[in-house]
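Enquirer: Take a look at the following structure, please.
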Amino acid sequence: MKNLIAILTFTLISCSALFGQIRVDNGGSTLLKYGTFSPGNDAVLYLGDYNHYIKSKFGYGLSIGTYGSAEAIRIPQFAGRIGIFREPSFTLDINGTARATAYYTFSDKRFKQNIADCKEKSLLLETLQPVTYNLNNDVVGGEEKSSERMRYGFIAQDLQKTFPELVVEDTDGYLSVDYISFIPLLVEMVNQQSAEIEVLKSALQARENVDLEVGEAYIAQNIPNPFQSDTKIDYFVPNGAKKAAIHVYDLQGLQKKVIPLNAKGKASAIIHGGEFKAGMYLYSLIVDGKLIETKRMVLTD
C-alpha cells in the first residue's frame, strides 16, 4: 500500500510539475489543474481547457468532452440523470441514435395497477395522420447527415390532441412521443378487425349456403360475345335442383346441343365454337323442366 501511495504521489507531482498544479483549498477540495483553470474551488478534479472535470460540489456530477456549452456526457449532481450531447430532462437523455442487441421494458403484473383494456383507445388510431419527414439538424443536432434519412412518424402536437398520455415535454419545451406504447394499441385494433372479419366470413358463408339451397337459378351472358373459338357461360343452379342443363338452339328453333349441368351452385360451362357453324344461336337454362332464361350468342368465322 505504501508503495502504491508513493507511486501515485510521484505521478501527481510529476504531472503538476509538467502541466499544471495541484492544490487543496480551505474546504479540503483537491484541484488538479491542467491548462487554464476556471471552474472554481468546488471542483474535485479538473482537467483541460475544455472543462473536463469530474464531480463538483455544486452543478455537474460528471462532465466530459465539453465543446462550448454542449457536453458529450453530462450528469447533473443530485438529479440522477445522464445526458449525452444535451442537458438531460430524463434519466437517460440522448441527442443522437442509440443501438442495442435487445431492449426490454418492465412489464411484470406486479409493477402495474389500474389495469384495464384499451379497446376504446385503439379505435382512435384511425384518426391519426402518419407523416414522412427529415430531421432538422439545426434544432436537434445529432450525427452528421442524419437529416438526409427519410423517417416516418407523427407530429407530437397533433398526437397530443388524441393521445396526450403518450406525449411528454422536456425542460426546453420540446415534445417527445412514446412510440412503444402504440404496440398494444395496434395489437388490439388487429384483434378487433380479425373478429369482425370472422363475423363477416360467417355471414357470407351462411348467405352462400342459403343461396345454394333455395336461391333462384340464373344464366349469364356468354363471354366473349361474339366469339370465334370458345366462350364461357356462368350460371347458378340451387342445390335442391334435381336436373339442370343448357340447351343450344339455332334461329330456326332446332336444338343443336344439350350441356348437362352436374355442378350445383355457381359454376361455368364452356361452348366450343368448332362444334357449330358461324351464326347466331340461342341458349337456355332449363332446371327441372322449367325454362329459366334464354340469351343470344354470336359465333364468327
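The values are calculated or read from the model by the stated rules, or taken from the named source; none is laboratory data. What you are looking at is a predicted structure, and each value in this text was computed from that prediction instead of being measured. All Cβ positions, glycine included, derive from the backbone under ideal geometry; neighbour counts span all protein chains shown. Calculation scope for accessible area: heavy atoms of the full protein, side chains included, ligands and nucleic acids excluded. Shrake-Rupley method; radii C 1.70, N 1.55, O 1.52, S 1.80 Å.
Enquirer: In the range 221-255, how many are part of a loop (DSSP other than H, G, I, E, B) and either touching a residue at least 40 places away in the same chain (Cβ under 8 Å) or more than 23 Å from M280 (Cα to Cα) (or both)?
Expert: The initial filter retains those residues of the range 221-255 that are part of a loop (DSSP other than H, G, I, E, B), namely 221-222, 224-226, 228-229, 238-243, 251-254.
Then drop every residue that is not either touching a residue at least 40 places away in the same chain (Cβ under 8 Å) or more than 23 Å from M280 (Cα to Cα) (or both), which leaves 221-222, 225-226, 228-229, 238-243.
The qualifying residues number 12.
Enquirer: Report, ordered by the first and then the second residue, all pairs with beta carbons closer than 9 Å, sequence separation of six or more or different chains, a first member in the range 179-208 that is more than 13 Å from D117 (Cα to Cα) and assigned to a helix (DSSP H, G or I), and a second member that is among the charged types (D, E, K, R) and modelled with pLDDT of 70 or more.
Expert: S181/E165; E208/K266
Enquirer: For the range 238-257, name all the residues that are among the hydrophobic types (A, V, I, L, M, F, W, C) and either open to solvent by 60 Å² or more (accessible area, probe 1.4 Å) or at pLDDT below 90 (or both).
Expert: A241, L251, L254
Enquirer: Residues being closer than 22 Å to Q228 by Cα and in a loop (DSSP other than H, G, I, E, B): count how many of those fall in the range 256-301.
Expert: 5
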